[in-house]
1. Is it the case, given these coordinates, that residue 98 is farther than 30 Å from residue 42 by Cβ and either surrounded by 15 or more Cβ atoms within 10 Å (Cβ to Cβ) or over 18 Å from the mean Cα position of the chain (by Cα) (or both)?
2. Could you tell me whether the stretch 118-127 includes any residue that is out of contact with any strand residue (DSSP E or B) (no Cβ under 6 Å at 6 or more places or on another chain), at pLDDT 90 or above, more than 14 Å from residue 34 (Cα to Cα) and assigned to a helix (DSSP H, G or I)?
3. Only one of 79, 41, 58 is assigned to a helix (DSSP H, G or I) and under 13 Å from the mean Cα position of the chain (by Cα). Can you tell me which?
4. Determine whether residue 87 is at pLDDT 90 or above, at negative phi and surrounded by fewer than 15 Cβ atoms within 10 Å (Cβ to Cβ).
5. Is it the case, given these coordinates, that residue 60 is at pLDDT below 90 and either on the phi < 0 side of the Ramachandran plot or surrounded by fewer than 16 Cβ atoms within 10 Å (Cβ to Cβ) (or both)?
6. Residue 128: within 21 Å of residue 50 (Cα to Cα), surrounded by 15 or more Cβ atoms within 10 Å (Cβ to Cβ), touching a helix residue (DSSP H, G or I) at 6+ places or on another chain (Cβ under 7 Å) and free of Cβ contacts under 8 Å to residues at least 40 places away in the same chain, yes or no?
7. Under 8 Å between Cβ atoms, at least 6 apart or on separate chains: pull out the pairs that start in the stretch 33-54 with a residue that is at positive phi and modelled with pLDDT of 95 or more and end on any residue that is buried (at least 21 other Cβ atoms within 10 Å of the Cβ) and in a helix (DSSP H, G or I).
């Protein structure tokens, strides 16, 4: 029996990363699932860019981002789990989709908590800014907002 050598008498590599056998590629359905997860995760972050300080609209945008991030995370994790069960390679981009979705969920959660704790102050600040026509008026709005936050969390007033 001849030795298992490749062309030129060289031994063939053991596979990617030195493994004895490479895993088969994931099914196309799993790749599509991960692509959907990646798109929805990016939409979750893009939703946060549409953030407005006006309380009602802001809460809706944040809830949208939270739900989109949760959906993307679910899609990515189930794609990875299905690939592991079918003994195929993890779909390309699945970890990136899960990480981006996690960031979107984290940011949306922090923003939702901020609106839960400081919703009135943020809403007042937004109304003040919308009626401010000069830089001085905008600075006055910020000063009032800052003092309102200081009172809410119990910090002594600044200068």
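The values are calculated or read from the model by the stated rules, or taken from the named source; none is laboratory data. Computed from a predicted structure; not experimentally measured. Every residue, glycine as well, gets a Cβ built from its backbone with ideal geometry; the counts of neighbours run over all protein chains shown.
1. Values: farther than 30 Å from residue 42 by Cβ: no; either surrounded by 15 or more Cβ atoms within 10 Å (Cβ to Cβ) or over 18 Å from the mean Cα position of the chain (by Cα) (or both): yes.
Judged against the criteria, residue 98 is not a match.
2. Taking the stretch 118-127 first, the residues out of contact with any strand residue (DSSP E or B) (no Cβ under 6 Å at 6 or more places or on another chain) are 118-127.
Filter again for at pLDDT 90 or above, leaving none.
No.
3. Values: 79 fails: under 13 Å from the mean Cα position of the chain (by Cα); 58 fails: under 13 Å from the mean Cα position of the chain (by Cα).
Of the residues listed, the single one that is assigned to a helix (DSSP H, G or I) and under 13 Å from the mean Cα position of the chain (by Cα) is 41.
4. On the way: at pLDDT 90 or above: yes; at negative phi: no; surrounded by fewer than 15 Cβ atoms within 10 Å (Cβ to Cβ): yes.
Answer is no for this residue.
5. yes
6. Working: within 21 Å of residue 50 (Cα to Cα): yes; surrounded by 15 or more Cβ atoms within 10 Å (Cβ to Cβ): yes; touching a helix residue (DSSP H, G or I) at 6+ places or on another chain (Cβ under 7 Å): yes; free of Cβ contacts under 8 Å to residues at least 40 places away in the same chain: yes.
Against the criterion (within 21 Å of residue 50 (Cα to Cα), surrounded by 15 or more Cβ atoms within 10 Å (Cβ to Cβ), touching a helix residue (DSSP H, G or I) at 6+ places or on another chain (Cβ under 7 Å) and free of Cβ contacts under 8 Å to residues at least 40 places away in the same chain), residue 128 qualifies.
7. From the stretch 33-54, no pairs qualify.
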